[in-house]
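Everything on this sheet refers to the single structure shown next.
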Amino acid sequence: MELKGENQESSDSGEGPKGKMTIPLALVALISAFGSSFQYGYNVSVINSPAPYMQDFYNQTHWDRTGVPMNSGFQTLLWSLTVSMFPLGGFFGSLMVWPLVNNCGRKGTLLINNLFSITAAILMGTSEIAKTFEVIILSRAIMGIYAGLASNVVPMFLGEMSPKNLRGAIGIIPQLFITLGILVAQILGLHTILGNAKGWPVLLGLTGIPSLIQLLTLPFFPESPRYLLIQKGNEEQARQALQRLRGWEDVDDEIEEMFQEDQSEKEEGQFSVLSLCTFRGLRWQLISIIVMMMGQQLSGVNAVFYYADRIFESAGVESSSIQFVTVSIGAINVVMTLLAVFIVESLGRRILLLAGFVLCCASCALLTLALNLQPSVSWMSYLSIGCVIVYIIGHALGPSPIPAVMITEMFLQSSRPAAFMVGGSVHWLSNFTVGLVFLYMEAGLGPYSFLIFCAICLASVVYIFFIVPETKNKTFMEINRIMAKRNKVEIQENKEELKDFCSVPGGQAERKGLSSSKL
C-alpha cells in the first residue's frame, strides 16, 4: 500500500509515523505468516524424515485388509501420490485465489482457508488409529489447496496493508516463515523426536495448530484497506483500518491516492484471468511474473536439496548424522531469508534477484564440475558442499522471496488477484513438473542435469536485467507507469492524452492523468 500520491512523493521521504512499523502492522504480518505461510513450508518437508515408517504403515494396513503384502510397484505409486498430491493441490488452490479474494476479502479468505488445514491435520493425525492410508493422500491434496491459497493471499494481503517504504521487507516475511516451517519440520522430524514409528502421526497432525491460532486471532485485525475502499466502496472502514495500522490519525493522503486508483480502474473493472492474459497494457507485467515464478521453481532448488544428502555423505559425513546436516542447511535458508528482509529496502528488488540467480547459476555450473571429478579428485566433495551452501544462500536472498513481492507491486487492485492466480498456478505447476521429471533427468543425465538448471538461472538473469524495473519505495501507480513504457502502444496513448490534459484544472488533470496510466 502506497502512502501518498505522486504529487506527494517528495514529502514521503520525510514522513513520520506513517512509514514506520507499528505494533498492529507487525502483529498482522506475523499472525498471517505464521498461520498460513509457515504451514506451506512445514508440509513441504514434513514427510521426508518419517517416509520409511509411513511406507511400513501403508504396507501393514494393506496386509491387515487383504492378508498379502503390498506389491512394491503399488507401494511406490501410493508414495508418489502422497508426495505429488501436495503440489497438485497447490495448483488447484491457486485457481481459487481470484474468486475467493474478490468475494470474501483477503482476511476472509485466510480465515476460510484455515478450515482446510484443520480438517487435514485431524485426518492425518488420526490416520494410524483409523488404519487408513487413503486419508493421508487425501489430506496431502487438501493441504496443497491450503498452501496454494496461502502462498498467494498472504503476500497480497500484507503488500496491500504495508506503507511503500516497508512493502518489500514485509512482503518477504511470508517467505521467511516458509523457511521457518521447513526448518521446524526438519527438527521435529529427527528420529529422536517425532520422526519415528510412533511419532509420525503427531508430526503430521501438528500442522493444524498454527491455523487454529490464526483462526482465533486474525479476526481482531483489520481487512486490507485497499480492498475495503476500492472493491467494497467503504471509505469509513478503510480509514479506520489505515489509522489503526499506521498509528496515526491523518491518513487523508493515502485515502486520496486510493480514490485516484479507484477512479482509474473503473474504466476497466475487475480483471479475470482471460482478460489479464489478453490485455496489452499488462503484457510485460504478466510475462515478468511468469518468468520469475518459473525461474524460482525450475532453477533446481528442489534438486539441490535432493542431492544434498548424497553430497554430504560422499564427503565423509556419517549417514546417522545426515539429518543434522539437513537441519543446518534449513537454518542457513532461514538466516539468509531473514537477511533479505533487512536489506531489500536498501538494495532493492532487482539487485537481490540478479545476485541470487547469478549465485545459483555459478553454483550449478561448479556443482556439475565437482560431481563429475569427485571420484578422481578427493577434495572435490568439499567443493560440492560449498556449491550447495552458496546455492541455498543465493536462492534465499532473491529467487525465493522476491517474485511474490513483485506480483503485489506490478499490478493494481483490479488486476492483482488474477495476477496472483496466474503466478501461483505457474509456481505450483513448475514445482510439480520438477518433482515429476527430476528423477528421470538424474537417471539419464546424472550430474549434468544441473547444467539445465544453470541455463534456466542464466536466462532468468538476462530477462530480469533487461525487463524488470526497480520498484522499491514507489507507489503502485508509479510502478505501473514504469511498466507502461514496455508497452509501446500505451506510451503513445499516454503522450497523446497528456497533451489534452494540459488545459484541465490541476486536481482534475491529475486524476485523469492517473486514469490514463492504468494500463
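For every residue, the table says whether it meets (1) part of a loop (DSSP other than H, G, I, E, B); (2) crowded, with 18+ Cβ neighbours inside 10 Å.
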position	(1), (2)
M54	no, yes
Y58	no, yes
V68	yes, no
T76	no, no
W79	no, no
V83	no, no
G90	no, yes
N114	no, yes
S117	no, yes
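Is it the case that the range 165-178 has a residue that's closer than 27 Å to F420 by Cα, in contact with a Gly (Cβ under 9 Å, 6 or more places away or on another chain), in a loop (DSSP other than H, G, I, E, B) and open to solvent by 10 Å² or more (accessible area, probe 1.4 Å)? The answer is yes, given that some residue of the range 165-178 is closer than 27 Å to F420 by Cα, in contact with a Gly (Cβ under 9 Å, 6 or more places away or on another chain), in a loop (DSSP other than H, G, I, E, B) and open to solvent by 10 Å² or more (accessible area, probe 1.4 Å).
Only one of the numbered conditions (1) of a type outside the set (K, R); (2) within 26 Å of the chain's Cα centre (by Cα); (3) modelled with pLDDT of 80 or more; (4) open to solvent by less than 10 Å² (accessible area, probe 1.4 Å) is violated by L339, and that is (4). Scanning the range 425-463 for residues that are of a type in the set (G, A, S), touching a residue at least 24 places away in the same chain (Cβ under 8 Å) and over 17 Å from R310 (Cβ atoms) turns up S425, S430, G435, A459, S460.
Note on the range 217-227: among residues that are part of a helix (DSSP H, G or I) and within 24 Å of the chain's Cα centre (by Cα), the one that is surrounded by the fewest Cβ atoms within 10 Å (Cβ to Cβ) is P219. Could you check A404 against (1) out of contact with any Ser or Thr (no Cβ under 9 Å at 6 or more places or on another chain); (2) modelled with pLDDT under 95; (3) over 19 Å from R310 (Cα atoms) and say which number it fails? Answer for A404: the failing condition is (1). Restricting E268, E257, E313, E261 to those that are modelled with pLDDT under 80, open to solvent by less than 70 Å² (accessible area, probe 1.4 Å) and part of a helix (DSSP H, G or I) reduces the list to E261. Restrict the check to the range 228-236 and report whether at least one residue is over 22 Å from T109 (Cα atoms) and either assigned to a helix (DSSP H, G or I) or polar (S, T, N, Q) (or both). Taking every residue of the range 228-236 in turn, none turns out to be over 22 Å from T109 (Cα atoms) and either assigned to a helix (DSSP H, G or I) or polar (S, T, N, Q) (or both).
Say whether the condition of being small (G, A, S), closer than 15 Å to L298 by Cα, assigned to a helix (DSSP H, G or I) and open to solvent by less than 20 Å² (accessible area, probe 1.4 Å) is met by at least one residue in the range 385-400. The answer is yes; a qualifying residue exists. Go through the range 97-112 residue by residue and tally those that are surrounded by fewer than 20 Cβ atoms within 10 Å (Cβ to Cβ) and either under 25 Å from V434 (Cα atoms) or without any contact (Cβ under 8 Å) to a residue 24 or more places away in the chain (or both). Final tally of qualifying residues: 4. Within the range 59-85, the only residue that satisfies the criterion of being free of Cβ contacts under 8 Å to residues at least 12 places away in the same chain and touching a helix residue (DSSP H, G or I) at 6+ places or on another chain (Cβ under 7 Å) is P69.
The values are calculated or read from the model by the stated rules, or taken from the named source; none is laboratory data. Source: prediction; values computed, not measured. Methodologically, a virtual Cβ is constructed for each residue, glycine included, from the backbone with ideal geometry; neighbour enumeration extends over all protein chains shown. The protein model used for the area step is the full one, side chains on, heavy atoms only, and it has no ligands, DNA or RNA in it. Shrake-Rupley method; radii C 1.70, N 1.55, O 1.52, S 1.80 Å.
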